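Below is one structure, written out as structure tokens, with a few remarks after it.
Just so it is clear, none of the values below were taken in a lab; they were calculated from the coordinates. Everything numeric here is computed off the predicted structure, so don't read it as measured data. Neighbour counts are summed over all protein chains in view; Cβ atoms, including those assigned to glycine, are modelled from backbone coordinates with ideal geometry.
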Amino acid sequence: MGELRFTGRVAVVTGAASGIGRATALHLARDGYDVALFDMTSQDCATRGAIEGAGGAARAFRVDVCDPHALGVTVRHVLTTMGSPEHLVNVAGIEVAARYWTRATRTGAASSART
């Protein structure tokens with residue numbers, strides 16, 4: 001994996017199956033982080049395979065980060081199986097932003113953004 005400057009440290013990356021999330025997870029793993037991969041698509045995502053194939057450590061978790069209960073269960077699982085994360089990189093995709101925006105506009109939280 002290259003120079004392992006952060007061996008034994010844990011990072012969580014949301015949206016880790018593709019795009020910026022995948023690139024971020026791969027970069028953290030190259031630096032030696034054990035990476036918890038959060039994504040809605042699959043618990044056995046290709047990002048995990050790429051990290052492990054290069055000698056890194058990763059665990060994939062299928063979780064909807066907009067579901068507080070599921071997220072809490074998953075975070076507790078990370079804490080017990082991987083340890084306490086030092087970093088959270090939240091790059092979950094557009095669907096998360098769309099759901100937040102929908103909730104915010106329903107509750108009036110985004111009223112200052114409306115024209």
Point to revise | Odd one out for ARG30, checked against (1) exposed (fewer than 13 other Cβ atoms within 10 Å of the Cβ); (2) under 15 Å from THR7 (Cβ atoms); (3) basic (Lys, Arg) | key: (1)
Review point. Mind checking which residues of region 10-32 are under 12 Å from LEU88 (Cα atoms) and over 9 Å from the mean Cα position of the chain (by Cα)?
Key: VAL10, THR24, LEU28
